Structure formats: C-alpha cells, structure tokens
Amino acid sequence: MSNRKFSRKDFLNIVWGAAGTLAAAELSFIGLRFLSPRATDGEFGGVFNLGPYDGFPPGSVTPVETGRFYLVRLEDGGFLAVYRRCTHLGCAVPFDPAVGQFICPCHGSEFTMEGDVLNAPAPRPLDLFQLSINEAGEIVVDTSISIERDQPSPEHIVSA
Amino acid sequence: MSDHPTPPAEKPALLTRIRQSIQRGPLPPPDDRGRMKMVMNSLVLHIHPSKVSKPALKFTYTFGLGGLLILLAAILAITGVLLIFVYTPSPDAAYESMIALQTEIYFGNLIRNLHHWSGNLMVVVGVLHLLRVFYTAGFAPPREFNWVMGITMLLLIIAANFTGYLLPWDQLAYWAVTVGTSLLDYIPVIGEPLTRLLLGGPEVGAATLTNFYGLHIALIPLGIFAIVSFHIWRVRKDTITVPRKINQEVAKEKVTTVPHLISIEFVFALVWLALLITWSAFVNAPLEEAANPAHSPNPAKAAWYFMGFQELLLHFHPVFGAIIIPGLGLLTLILLPYLDQDMDTVGIWFRSIWGRVLTGLSFALGVVGSFGFVWLNEYWLDLPGWLPFWPSFISNGWVPLAAILLLLMGYYELLKAFGSKTCEARQAIFTLLLASFITLTFVGIFLRGEGMALIFPWS
Ligand code: HEM
Ligand code: FES
C-alpha cells in the first residue's frame, strides 16, 4: 500500500542526493576558480605606453618584444597593434620587410601589413590589441584585450 | 642462577624476524593447494587469480603488452620521482636543470633517457595492447567496460606525455606545446576558455609550466594509478579471454599462477628492463636550444603522436580536422565492444581466415588510399578553390568528410555482398582507418619539411 506513496525514505534520499550534487558542484566551482589564470600586470597582458605617436613614421612596422605585438603605422597614418601570434596554430609570426608582409615560419601563412590573410592555412586575420592615443599624443596599447576579426575593417584603425 | 622450569621459546634472529614480517606467512609450500592458499594470503599476488588458463599464458596471445605497460609505468614513477629532485619548474631554471642533468649529475642523462624513452614507448605499447585486444575480441562481455577504461588510460598516457613534453623548456618543447594547445582553440565555445585555463594565460609561459608540472607529476599519474587498479581488478575478476585456433573449442585447462605466470612475468620484466637501460645508455633524449617565444622554428611540429592530427588539419577545415573527425573516431572506438554482437569468435586472431585476408587487404588499402589523398591534396585537389561559393567549413569540411564516409560505406556494403560477416566487415573498416591514421602520422613525421611542404627524403 505504501509502495506507491512518496515515503519519508524516498524524500530523504532525494534531499541527500541533491545535497551531494550541490557539494560536488560547489567544490568543482571552487577548484576551477582557484586554477583560473591570474592577471599579469606590467609584462605581456598589461598596458604599454609607447610614447608620442609621431615617433613612428607612416608605413613602418615596429616590433614590441615584451608586448608580443607589432605597432603598425599604415601609409595613410593610421595605427594598429598587431598580435604576433599566428591565427593558425599560434607560432610567432615575423615581419619580412623585404616583401612588406608577415610570413609564418610554421605552415607558411602570409599576412598583409594590416594582418589580413593572403595565404592559408590561417583561418582569419592576425588579432589586434586595443590601441588608443591619449591626450598627450602617446600611443597606449592594452594587451589584455585582444580583438578577433573575420575581415579587416577600417573601424579597427586608429588615426591620430 | 634463575630457576626457570622451562626455558623461554627461542626467538629467531633479528634479521630473520624482519624478513618474515615482510612475507605474511611462510615461503611457498610445494603442493598446489598450499600455493593457492598462499596466494590468497599475499598482497602482491592479490592482483592475480590463484589459477590461470593455461592456453592464455601463450606469449603470442597477449605478447605481454599489458604487463609491459605496468612495468613502464613503474619505471616512469621511479625515474620521475628522481627527476623531481633535480628539476625546477620555472622558465628561468627549467632549461638549466636539463643542462645540469647532462653535465653535473651522476647518471643524470641515464635517468632522463629512461624516463623519456619509457614514456614514449608507453604510447606505442598502449596502442599495441589496444590492437591485440581488438583483433582477438578481448573486449567480449563482461569486459566491455574494461575496454572503455583502457581508452581512458590511453588518453591519460598521451596527456602525461604531452605535459611532460613542455618541461625541458627548449625550443622543441615550447613550440610543440604552443601548436598542440592551439589545436584545442578550435573547439567551438569551450575551446578558448579551456586553452586559457590550461595555459594559465593567453600564451605558453611561466603559468603554463606550473600547470603542466602539476598535471604531469600529480594529477595525471594519480588518475592513471586509480584506473589501472580498477582495470587490473577487472582483468582478474572477468578473467582473460582464452586463445584458440579456428574451429577449436575453448580449452578449460588451468595452472596455478605461482609459479607458471609469475615466473614468465618476472623474466619478461627483467628482459625489458635490460633492453630499456641499454637503449637509454646509448641514445639520448633530444634537447634543443632554450625556449625562445619570439622565434618559431621552421617547420614547427607537434609531438609525434599528434602528427596525425596536425596532418588532418592540413587537409580539413580546423573544426573538422581537430574536433569532428577525431571526436567521431574516439566515440566509435569507445562504443566498439557494445556494437559488436558476434562473440563466438572470441580468442581467435582476426576472427577467421577470411578476417585475416580482409585485415591485410584493408591495411594495404588504407595506406595506399590515404597516401594518395595526401598526394592529390598537395598537387591537384583544391576544394575551397573549386567551390568558392561555399564557406570553407562546407567546401573543406562537410564535402570531403561526406565523400570519405560514402566511400567507407560502399566498401562495407561491398564486403557484405561478398559474404563477409558483420564483425569481419567492421574489422576491415577499423583496419582501414587505423592504416590511414598511421600513414598520416608517418607523413607528418617524415615527409613534411619547411613550411609543411611535402618532401621526399630521396628527392
Ligand atoms: C596503463 C595502461 C594499461 C595497463 C597497465 C593495462 C594492463 C592490462 C593487463 C595486465 C591485462 C592482462 C592481459 C594482457 O596483458 O594483455 C589487460 C587486459 C585488457 N586490457 Fe589493458 N592495460 C592498459 C591499457 C589498455 C587499453 C589502452 C585498452 C584498450 C582500449 C585496454 C583494454 C583491455 C582489455 C579489454 C583487457 C582484457 C583482454 C582479454 O581478456 O583478452 N587496456 N590490461
Ligand atoms: S602556425 Fe602559422 S601557419 Fe601554422
């Protein structure tokens, strides 16, 4: 007769089961948060002040070693901070001044000065970092924020 | 002077008492019954049943591969613990530790080599063990879940290798791990957070080294230990499948584990230990220049066991090359024992004579077919170029995948039409895919040069 009814034992089983699930969820959350990446101020991942913008001539590509990006000034004077990491599988892409392109040594992807893909296997243009020019006319690059693009677009280019 | 009525019972000497305290009970009695009882009382022998099937002891059935995995795990644990005392997991000091191992520390090179070669060998032996189980239908009920645990361990073995790969912090390590973790990046939605968690930041750096060190010396070994214990316990409880010839009944004959199995295991372990030590004494684990995050070598290759995937990635859209194809493969692999209905061929190599023929044929077909595919893809096939109106995940993803699946289905139906049993046809498909993967891995390791162009050593 009582086998159809929801017994006290069933109830307790469910409550304890739920408490167990909750405990497991809490502990996993704590564990994951504990292991989540820490902020790295100052070095890569931090903010870089590169000084006055007119120190960089149009049509120049300046590597910023510690920030792992290139400061690109296009012919028309616009600025881009191009992340060095290949969008294919993460190799460090050097700039080849002879041809004016980024050429990845690993699997041969090629990119324009703006970072647009000329040659696969890279699936999308090189990523950018957020770049701004402050009131003093200095270039400030925040390497904690990377911008992924499907297409190059003029909206990413910062002009003085 | 004392007036004891009876002298006190004579106590054994200290050394004897120590020796006897290690062994619970006396040394093996000469008779079978006594031996079996001794086994029941012994911790070391608790992992074996007291009697084992006599035909299953035949070396050419298991090839001792499971046992070899245990030996390798033990060597890795011992040499690994030794290395912990020398190694500092920081970008500034890691490479120095490697140099110290080579130049200052007694037997430093030997211990590092042993660890390196045992680790790599374990991947190979893990796969061979899987193959021997597959081709003898060793996953017959009730052993299906042991197969699943086996796959999990294989993944853990690869994870252990991969995390260990970074620790020397040389160019090889740095870029192989960069390329390897970038593969994960292509998983939709969770790929990026996962990679970030693993790397401890956006790129391989100090945090990555700490993470990989923790995974490599604690988490992964603990996981392997836990699952191996479970695996071995199941092997003991389910008993190992019994080998037999075609049309032969399963032989029921049994022998006692001690000494029949134990002596084989002991000799086998000793021979392998000798081989490994000799090899490690003469062949050094690779070490390149210290890692330089600003300069990628050309070509930058993943670790050798990932070369098959890297090769897939050269031919397919990343979501397919890195996720969908390996994912489908892994899922099918896990489900194999549950899909297999034909279990009256258990213990027969390749199931039947016809099965043997098909396996050989399919292997050859897989090698030739996948090599042809790589060749065509390099010099002629250009799906994204031919189908420019479709996005590349269709033209270079769904289209080739569908073509390959259709070809496989055609092959399967053809085999069935020629009167193959389901299990034989499945075995043939498995073999074909295995051969393709081996071929891709081979191409990736040996035939890819600068810029990942196809090159031939003889040209
Ligand atoms: C750390 C890794 C592993 C260890 C230490 C290990 C150990 C063993 C041992 C000692 C045996 C007894 C028979 C033999 O030596 O072949 C065995 C059997 C077995 N193993 Fe593993 N194994 C490992 C990985 C795997 C893998 C990767 C698979 C497959 C996915 C697997 C599936 C099985 C199955 C199904 C059996 C029963 C075979 C039969 O009854 O014929 N194991 N394993
Ligand atoms: S990582 Fe740059 S092309 Fe592959």
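Residues checked against (1) open to solvent by 60 Å² or more (accessible area, probe 1.4 Å); (2) assigned by TED's automatic domain parsing to the domain that holds B:V319; (3) small (G, A, S):
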| residue | (1), (2), (3) |
| --- | --- |
| B:A403 | no, yes, yes |
| B:L408 | no, yes, no |
| B:F418 | yes, yes, no |
| B:F437 | yes, yes, no |
| B:L440 | no, yes, no |
| B:I455 | yes, yes, no |
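Considering only residues in the range B:74-88 that are open to solvent by less than 40 Å² (accessible area, probe 1.4 Å) and not β-branched (V, I, T), the one that is nearest to ligand 1 (Cβ to nearest atom) turns out to be B:L76. Annotation: of all residues in the range A:131-150 being more than 14 Å from chain B (Cβ to nearest Cβ), surrounded by fewer than 21 Cβ atoms within 10 Å (Cβ to Cβ) and not in a loop (DSSP other than H, G, I, E, B), the one that is farthest from ligand 2 (Cβ to nearest atom) is A:E138. Scanning the range B:91-103 for residues that are assigned to a loop (DSSP other than H, G, I, E, B) and over 23 Å from B:L199 (Cα atoms) yields a count of 0.
Within the range B:41-59, the residues that satisfy the criterion of being more than 11 Å from B:V258 (Cβ to Cβ) and either at pLDDT below 75 or β-branched (V, I, T) (or both) are B:N41, B:L43, B:H46, B:I47.
Across the range A:52-89, the qualifying residues are those that are polar (S, T, N, Q) and farther than 30 Å from B:F316 by Cβ, and the one among them that is nearest to ligand 1 (Cβ to nearest atom) is A:T66.
Scanning the range B:97-135 for residues that are open to solvent by less than 50 Å² (accessible area, probe 1.4 Å), within 30 Å of B:V346 (Cβ to Cβ) and β-branched (V, I, T) returns B:V123, B:V125, B:V133. Looking across the range B:297-329, just one residue is away from chain A (no Cβ under 13 Å), of a type in the set (F, W, Y) and open to solvent by 40 Å² or more (accessible area, probe 1.4 Å), and that is B:W304. Pairs meeting the criteria (first residue in the range B:119-144 and closer than 14 Å to B:D238 by Cα and more than 14 Å from chain A (Cβ to nearest Cβ), second residue within 8 Å of ligand 1 (Cβ to nearest atom) and of a type in the set (D, E), beta carbons under 7 Å, at least 6 apart or on different chains) are B:P142/B:D238; B:R143/B:D238. Of the residues making up the range B:246-265, none is under 26 Å from the mean Cα position of the chain (by Cα), among the charged types (D, E, K, R) and under 29 Å from B:P89 (Cα atoms). Taking the conditions exactly as written (farther than 30 Å from B:M307 by Cα, within 9 Å of another protein chain (Cβ to nearest Cβ) and without any contact (Cβ under 8 Å) to a residue 60 or more places away in the chain), does A:P121 satisfy them or not? So A:P121 fails the test.
Figure legend. Inter-residue proximity from the range B:67-86: first residues over 20 Å from B:G150 (Cβ atoms) and without any contact (Cβ under 8 Å) to a residue 40 or more places away in the chain, second residues polar (S, T, N, Q) and in a helix (DSSP H, G or I), beta-carbon distance below 7 Å, spacing 6+ or different chains. Indicated pairs: B:V86/B:S97. The number of residues in the range B:155-174 being within 13 Å of another protein chain (Cβ to nearest Cβ) and open to solvent by 10 Å² or more (accessible area, probe 1.4 Å) comes to 1.
Quick grid of which residues meet (1) in contact (Cβ under 8 Å) with a residue 40 or more places away in the chain; (2) in contact with a strand residue (DSSP E or B) (Cβ under 7 Å, 6 or more places away or on another chain); (3) of a type in the set (D, E):
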{"site": "B:F230", "(1), (2), (3)": "yes, no, no"}
{"site": "B:V235", "(1), (2), (3)": "yes, no, no"}
{"site": "B:K245", "(1), (2), (3)": "yes, no, no"}
{"site": "B:E249", "(1), (2), (3)": "no, no, yes"}
{"site": "B:I262", "(1), (2), (3)": "yes, no, no"}
{"site": "B:F266", "(1), (2), (3)": "no, no, no"}
{"site": "B:L273", "(1), (2), (3)": "yes, no, no"}
{"site": "B:L276", "(1), (2), (3)": "yes, no, no"}
{"site": "B:N284", "(1), (2), (3)": "yes, no, no"}
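Going through the range B:270-296 one residue at a time, which ones are among the hydroxyl-bearing types (S, T, Y) and either at positive phi or surrounded by fewer than 18 Cβ atoms within 10 Å (Cβ to Cβ) (or both)? The one that is among the hydroxyl-bearing types (S, T, Y) and either at positive phi or surrounded by fewer than 18 Cβ atoms within 10 Å (Cβ to Cβ) (or both): B:T278.
For the range B:210-221, the condition holds for at least one residue, the condition being that it is at pLDDT 95 or above, more than 26 Å from B:F59 (Cβ to Cβ) and either within 16 Å of ligand 2 (Cβ to nearest atom) or among the aromatic types (F, W, Y) (or both).
Look through A:G59, A:G51 and report the one residue that is open to solvent by 30 Å² or more (accessible area, probe 1.4 Å) and farther than 28 Å from B:R196 by Cα. The match here is A:G59.
Taking into account only those residues within the range A:97-111 that are in a loop (DSSP other than H, G, I, E, B) and within 15 Å of ligand 2 (Cβ to nearest atom), which is surrounded by the fewest Cβ atoms within 10 Å (Cβ to Cβ)?
The residue in question is A:G108.
For the range B:16-36, check the following and say yes or no: at least one residue is more than 16 Å from ligand 1 (Cβ to nearest atom) and modelled with pLDDT of 95 or more.
No: the range B:16-36 contains no residue that is more than 16 Å from ligand 1 (Cβ to nearest atom) and modelled with pLDDT of 95 or more.
For the range A:62-76, the count of residues that are among the hydrophobic types (A, V, I, L, M, F, W, C) and open to solvent by 30 Å² or more (accessible area, probe 1.4 Å) is zero.
The values are calculated or read from the model by the stated rules, or taken from the named source; none is laboratory data. If you're wondering where the values come from, they're calculated on a predicted model, not measured in any experiment. Cβ: placed from backbone, ideal geometry, glycine included. Neighbour counts: every protein chain shown. The accessibility values were calculated without ligands, DNA or RNA, using every heavy atom of the protein model including side chains. Shrake-Rupley method; radii C 1.70, N 1.55, O 1.52, S 1.80 Å.
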